[in-house]
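These notes are about the structure you will find just below.
The values are calculated or read from the model by the stated rules, or taken from the named source; none is laboratory data. Note that the coordinates shown come from a computational prediction; the quantities given were computed from them, not determined experimentally. Here the Cβ is made from the backbone with ideal geometry for all residues, glycine too, and neighbour counts use every protein chain on show. Heavy atoms of the whole protein, side chains included, go into the accessibility calculation; ligands, DNA and RNA do not. Shrake-Rupley method; radii C 1.70, N 1.55, O 1.52, S 1.80 Å.
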Amino acid sequence: MAKRFSVSEYTDGVLSGNRVMLSRAITLVESTLPSDQALAQQVLDAVLPHAGRSVRVGITGVPGVGKSTFIEALGLHLVNTQGHRLAVLAVDPSSQRSGGSILGDKTRMNLLAAHPQAFIRPSPAGRSLGGVTRATREAMALCEAAGHDVIFVETVGVGQSETAVHSMVDFFLLLMLAGAGDELQGIKKGIMEMADAVTITKADGDNELASRRARREYQNALHLFPLAPSAWSPVVTTSSALTGAGVPEVWAIVERYVQQTQASGYFQRRRQEQNLHWLHETIRETLEAHFFARPEVQQHLPAVQQRVLSGQQSAFGAAAELLGL
Ligand code: GDP
């Protein structure tokens, strides 16, 4: 177990922008030990008034689309020329199976990782999707309290984690490849619908023409979706993390989105809705965890499952019986 500090040591460390203490505080909120969780809650309560002043961007795309290369290029643009302080977090529930995680290999972003104004944190390993998203959301608050005014949340665009990430960010960016077939590269239509912007990656060399064609196709496809509640029309661009072409443009789009939605009030409203959403999610998860942790439930569950499997009892009747224990 990692060494523990006092609430004020964590809080003062985070608020002064001390990266080591920020890292330790994130380790604390990721811990599943009940004693750590109590301490983490106190630290979170203390820093929360200083959180929230950031732009939160979700970035997704299938493995190999160029996420880490793009995040490094865009990230360096933000810290070197825009004066931002960036935090990059990852949501990867699959890391519990592979043992690794999408940001685990920091060498993929070594320039950014070494930059004093950037903070990179891999996905917490060995947790359920619910556990990973809660820890990431809390890590986001800690990073904001430490003065990071732009937060990237990276996720692999193949699973259900995108919906969770979408509900914790202001802007959702989808990375796509040109010429990889009409199958939307395993990206579900639902993920396309969540995107505020799509950028066709690796638009360089021989790939440039195909990228421009793909840009037009995706732009047309997005036009068919109904207008989002944000009243924002999603934008499709091309970019190359290799040459840097189109990378600053993506940030300009995020800034335009923030301006437009702050002016309309949507930005603030959505953050409030997200807070309510997470309130209910947390209650649901906590109740569920308590329920399944009860000895009587653990004792009776196998037999009840067996009865439902063999058709001796209906699922509803069985659930009512367990809930009534
Ligand atoms: P991720 O799995 O989505 O994080 O993808 P990576 O960032 O690891 O990139 C996958 C591969 O694509 C690597 O071999 C990169 O060198 C390559 N790549 C990434 N960005 C570009 C780009 O802008 N242009 C070209 N030509 N290759 C790129």
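Things to note:
- Leading residue by the ranking (nearest to residue 27 (Cα to Cα)) among those in segment 70-104 that are open to solvent by 10 Å² or more (accessible area, probe 1.4 Å), at pLDDT 95 or above and within 12 Å of the ligand (Cβ to nearest atom): 72
- Residues of segment 40-68 that are among the charged types (D, E, K, R) and within 16 Å of the ligand (Cβ to nearest atom): 67 alone.
- Residue 37 meets all of the listed conditions (1) over 19 Å from residue 125 (Cα atoms); (2) part of a helix (DSSP H, G or I); (3) away from the ligand (no atom under 16 Å from the Cβ); (4) open to solvent by 40 Å² or more (accessible area, probe 1.4 Å) but one, namely (1).
- Taken over segment 179-205, the residue count meeting the criterion of being at pLDDT 90 or above, assigned to a loop (DSSP other than H, G, I, E, B), more than 17 Å from residue 232 (Cα to Cα) and not β-branched (Val, Ile, Thr) is 3.
- Filtering segment 264-274 to residues that are open to solvent by less than 90 Å² (accessible area, probe 1.4 Å) and part of a helix (DSSP H, G or I) leaves 264, 266, 267, 268, 270, 271, 274.
- Number of positions in segment 206-261 that are away from the ligand (no atom under 16 Å from the Cβ), open to solvent by less than 50 Å² (accessible area, probe 1.4 Å), polar (S, T, N, Q) and part of a loop (DSSP other than H, G, I, E, B): 1
- Within segment 287-299, being open to solvent by 70 Å² or more (accessible area, probe 1.4 Å) and in contact with a helix residue (DSSP H, G or I) (Cβ under 8 Å, 6 or more places away or on another chain) holds for 292, 298.
- The listed residues are 19, 56, and the only one of them that is loosely packed, with under 15 Cβ neighbours inside 10 Å and in contact (Cβ under 8 Å) with a residue 24 or more places away in the chain turns out to be 19.
- Among the residues of segment 195-205, those that are open to solvent by 30 Å² or more (accessible area, probe 1.4 Å) and in contact (Cβ under 8 Å) with a residue 24 or more places away in the chain comprise 202, 204.
- Verdict on residue 140 being among the hydrophobic types (A, V, I, L, M, F, W, C), at pLDDT 95 or above and outside any loop (DSSP other than H, G, I, E, B): yes
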